[in-house]
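A.B. asks: Pasting a structure below so you can have a look.
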Amino acid sequence: KLHLSFHIVDDKPVRGTVRPGQDCERAVWRERWEPGDAYIGDRYFGEDYGLLGQLTEADCVYVLRLRQQAVITVEEELPVSEADRAAGVVRQAWARLGARTRSGRVRVVWVEAEGHKLILVTNLSPEELSAELVSLLYRKRWQVELFFRWIKCILGCRHWLAESPEGVTLQVYLALIAGLLLQL
């Protein structure tokens, strides 16, 4: 599998790693954490509430999506501004996640946009990152998905020809070179 970090401000992929397909994605992700970095992730990464505390301890910030059936114990409701509402935010609160083992205190933001209901979690306070920006940051996560779609559909890399990390790395480099040549 290709594990890729995406730089949102520069709008480009950075720090790619090829690992065997059977490696746990969360374990590979944990190995790649760097203090001061911010991570945006889908429901798979938001499932492990223990990771949330580990991310905070590693001096990382995050915006992750939670599953609709997540157990959320609200401790304190937070106000939602007009700018937040314009970005689709319907509610935000300080909460703890989980039924048996509880997460530390996190901020949960509920978003309804384009017919979708999202539950997002972050370790940043409203003063550090408004609910509006939490919503917008999560939407930027789709840039990673679009990059993979570009590799698969435009460059024709639907299946890896090699199974070794070295072979997949070579195929990715060749696909990117072909993409650059197509641009020229």
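The values are calculated or read from the model by the stated rules, or taken from the named source; none is laboratory data. These figures come from a predicted structure and were not determined experimentally. Cβ placement follows ideal geometry from the backbone for every residue including glycine, while neighbour counts extend to all protein chains displayed. Ligands, DNA and RNA are excluded from the accessible area calculation, which covers all protein heavy atoms including side chains. Shrake-Rupley method; radii C 1.70, N 1.55, O 1.52, S 1.80 Å.
A.B. asks: Name every residue in the stretch 55-71 that is assigned to a strand (DSSP E or B) and either closer than 21 Å to ALA113 by Cα or of a type in the set (Gly, Ala, Ser) (or both), in order of residue number.
C.D. replies: Of the residues in the stretch 55-71, the ones assigned to a strand (DSSP E or B) are 61-66.
Within the stretch 55-71, TYR62, VAL63, LEU64, ARG65, LEU66 qualify.
A.B. asks: Looking only at the stretch 119-141, decide whether some residue is exposed (fewer than 13 other Cβ atoms within 10 Å of the Cβ) and farther than 21 Å from ASP59 by Cα.
C.D. replies: Let us first name the residues in the stretch 119-141 that are exposed (fewer than 13 other Cβ atoms within 10 Å of the Cβ), namely 125, 127-128.
Cutting the leftovers down to farther than 21 Å from ASP59 by Cα gives us none.
No: zero hits.
A.B. asks: Run GLN92 past the list (1) out of contact with any helix residue (DSSP H, G or I) (no Cβ under 8 Å at 6 or more places or on another chain); (2) surrounded by 14 or more Cβ atoms within 10 Å (Cβ to Cβ); (3) over 12 Å from TYR138 (Cβ atoms) and report the number of the one that doesn't hold.
C.D. replies: (1) is the only condition that GLN92 fails.
A.B. asks: While we're looking at this one, here's another question. Is it true that VAL14 is under 23 Å from GLU166 (Cα atoms), within 16 Å of the chain's Cα centre (by Cα) and open to solvent by 40 Å² or more (accessible area, probe 1.4 Å)? Talk me through it step by step, then tell me what you get.
C.D. replies: Numbers: under 23 Å from GLU166 (Cα atoms): yes; within 16 Å of the chain's Cα centre (by Cα): yes; open to solvent by 40 Å² or more (accessible area, probe 1.4 Å): yes.
Considered against the rule, which asks whether it is under 23 Å from GLU166 (Cα atoms), within 16 Å of the chain's Cα centre (by Cα) and open to solvent by 40 Å² or more (accessible area, probe 1.4 Å), VAL14 comes out as yes.
A.B. asks: While we're looking at this one, here's another question. Are any of the residues in the stretch 35-53 open to solvent by 60 Å² or more (accessible area, probe 1.4 Å), among the hydrophobic types (A, V, I, L, M, F, W, C) and over 16 Å from the mean Cα position of the chain (by Cα)?
C.D. replies: Among the residues of the stretch 35-53, not one is open to solvent by 60 Å² or more (accessible area, probe 1.4 Å), among the hydrophobic types (A, V, I, L, M, F, W, C) and over 16 Å from the mean Cα position of the chain (by Cα), which makes the answer no.
A.B. asks: Could you please let me know if GLU31 is open to solvent by 30 Å² or more (accessible area, probe 1.4 Å) and free of Cβ contacts under 8 Å to residues at least 12 places away in the same chain? Steps first, answer last, please.
C.D. replies: Working: open to solvent by 30 Å² or more (accessible area, probe 1.4 Å): yes; free of Cβ contacts under 8 Å to residues at least 12 places away in the same chain: yes.
For GLU31, the condition - open to solvent by 30 Å² or more (accessible area, probe 1.4 Å) and free of Cβ contacts under 8 Å to residues at least 12 places away in the same chain - is met.
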